[in-house]
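Notes follow the structure.
The values are calculated or read from the model by the stated rules, or taken from the named source; none is laboratory data. A quick note: this is a predicted structure, and the numbers were derived from the prediction, not measured. Quick reminder, even Gly has a Cβ in these numbers, built from the backbone with ideal geometry, and neighbours come from all protein chains shown.
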Amino acid sequence: MGIPEDLLYSASIKPEEPEAGCGNVDNPINTQKALGEKMMVICWSYAALFKLGLPPQVLFHPDGYKDASEWLIEQYTSECFVGVATLQWIGLCYYKKTASQKNSEPYMHLLKWFRSE
């Protein structure tokens, strides 16, 4: 963990399960899965940031996200939540339309914070 701001991101990463394994990292399916997981982790981190009442610059700091910090701030502050579909798929939240149908609060509210709850 490079700087304290990375704590939110690091807190959201599920420890790797050795028996599950990723296999060959060069496999396109594994690469896409890893990218999807990363987007989901960023989305979870943003929900935590929102819950704590912190500004997006705390999470999306200039020293991280491969020079995409400003782009991510623009996306999330304009409610283009990259990764929310995966969070909904694993049952952590509902996106707007589904939340309305379920009479629930939409993302950035999480139904639960961990997959195993």
Tally, over segment 57-81, of residues that are buried (at least 17 other Cβ atoms within 10 Å of the Cβ) and under 13 Å from Met108 (Cα atoms): 2
Where a residue in segment 55-68 is under 13 Å from Cys43 (Cβ atoms) and its partner, wherever it lies, is at pLDDT 85 or above and part of a loop (DSSP other than H, G, I, E, B), with Cβ under 9 Å and at least six apart: Phe60/Ala68
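Is it the case, given these coordinates, that Ser104 is modelled with pLDDT of 90 or more and either in a loop (DSSP other than H, G, I, E, B) or of a type in the set (D, E, K, R) (or both)? Don't jump to the end; show me each part of the working.
Numbers: modelled with pLDDT of 90 or more: yes; either in a loop (DSSP other than H, G, I, E, B) or of a type in the set (D, E, K, R) (or both): yes.
Answer is yes for this residue.
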Residue list for segment 54-79, restricted to those being out of contact with any Asp or Glu (no Cβ under 8 Å at 6 or more places or on another chain) and part of a loop (DSSP other than H, G, I, E, B): Leu54, Pro55, Pro62, Asp63, Ala68, Ser78, Glu79
